[in-house]
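To start, the structure itself, in structure tokens.
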Amino acid sequence: MPVKIVTDSCADLPPQLAKELGISVVPVYVRFGEEVYLDRVDMSEDEFYQRLQKTTVHPSTVQPGPQDFLEVYRKLSPKADGIVSIHISGKLSGTYNSAMMAKDMLETKCPVTVVDSQMVTMGLGLLVIVAANMANAGEKADKIAKEVKKSIPKLHLLCLLDTLEYLQKGGRIGKAKALLGSILNVKPILTLKDGEVVPAGQVRTRAKGIEKLVELGQSAKKIQDLAVVHSTTPDEAENLAERLGSVFDRKQIKIARVGPALGAHMGPGALLVVTREG
């Protein structure tokens, strides 16, 4: 029997791709006041961003509970030799801990390996795709988990935000709070280091920020995977992917969208490039 791959909705995997690769995605909870929605299940990206820009109540996010993971593990275990469950950075969310608790609660003999990706959005997504391709090729769980962990240091993520407002409201600003005192109208650029959000610079215009994203792609060595991610600007994402086609086969560049779980923290106008080097 094959190994099954599980992740959470913070991977921002395009739904069709997740379906094709047989990846199980456990949704994060998004709360607007007293109303609670499952990320991409009860609320689409378009509905979320429309509401985000109109509401006076800032949404909060809640990680899936151990029971949510346990339900998925129980469903998969009878038809799996093992489960590899890969999740958003443990420094940004309790999702990894929930998955670990569910692993301990599982009554079946199916082994579960839980991996902290130290990443978000398609940084996590690219790891999950690596794992799914290996699982579909018949590799064993321990080899898949080992390869995923080996790939983590080879990931590079750069994120251009329109504002730090949403990150600050969501309480996930981390070391990027150093940018809060900056001159108004600068565009923050962030990255992840050891699973934490850290500043990677700031620019005065969005166009200059996009140039920084292009530079990340162009400076990468032996690119194995490349993803462009946006929250509300699909045309910009397409254009960015076209420009990066000079360093990586355009047909292989994955374009994804920041879903509600991360959109609550990144806000509209977020644009990211993620590379996985060889």
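The values are calculated or read from the model by the stated rules, or taken from the named source; none is laboratory data. Predicted model only: the values in this text are computed from it and were never measured. Reconstructed Cβ throughout: ideal geometry from the backbone, glycine too, with neighbour counts over all protein chains shown.
Among what's in segment 210-241 and is buried (at least 19 other Cβ atoms within 10 Å of the Cβ) and modelled with pLDDT under 95, pick the residue that is nearest to I255 (Cα to Cα). By that ranking, first place goes to G217. Does A11 fit the bill of being aliphatic (A, V, I, L, M), at pLDDT 95 or above, buried (at least 20 other Cβ atoms within 10 Å of the Cβ) and out of contact with any helix residue (DSSP H, G or I) (no Cβ under 6 Å at 6 or more places or on another chain)? Taking the combined requirement at face value, the residue does not satisfy it. Just one residue in the set G123, G90, G138, G94 is in contact (Cβ under 8 Å) with a residue 12 or more places away in the chain, on the phi > 0 side of the Ramachandran plot, not assigned by TED's automatic domain parsing to the domain that holds G259 and not acidic (D, E); that residue is G138. Restricting segment 242-260 to residues that are of a type in the set (D, E, K, R) and closer than 25 Å to S9 by Cβ leaves a set whose member that is surrounded by the most Cβ atoms within 10 Å (Cβ to Cβ) is R257. Do we have K109 as at pLDDT below 95, outside any strand (DSSP E or B) and farther than 14 Å from D8 by Cβ here? When the stated conditions are applied, K109 passes them.
Conditions (1) outside any loop (DSSP other than H, G, I, E, B); (2) of a type outside the set (A, V, I, L, M, F, W, C); (3) touching a residue at least 12 places away in the same chain (Cβ under 8 Å), marked per residue:
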{"site": "T232", "(1), (2), (3)": "no, yes, yes"}
{"site": "D235", "(1), (2), (3)": "yes, yes, no"}
{"site": "F248", "(1), (2), (3)": "no, no, yes"}
{"site": "K251", "(1), (2), (3)": "yes, yes, no"}
{"site": "I255", "(1), (2), (3)": "yes, no, yes"}
{"site": "A264", "(1), (2), (3)": "yes, no, yes"}
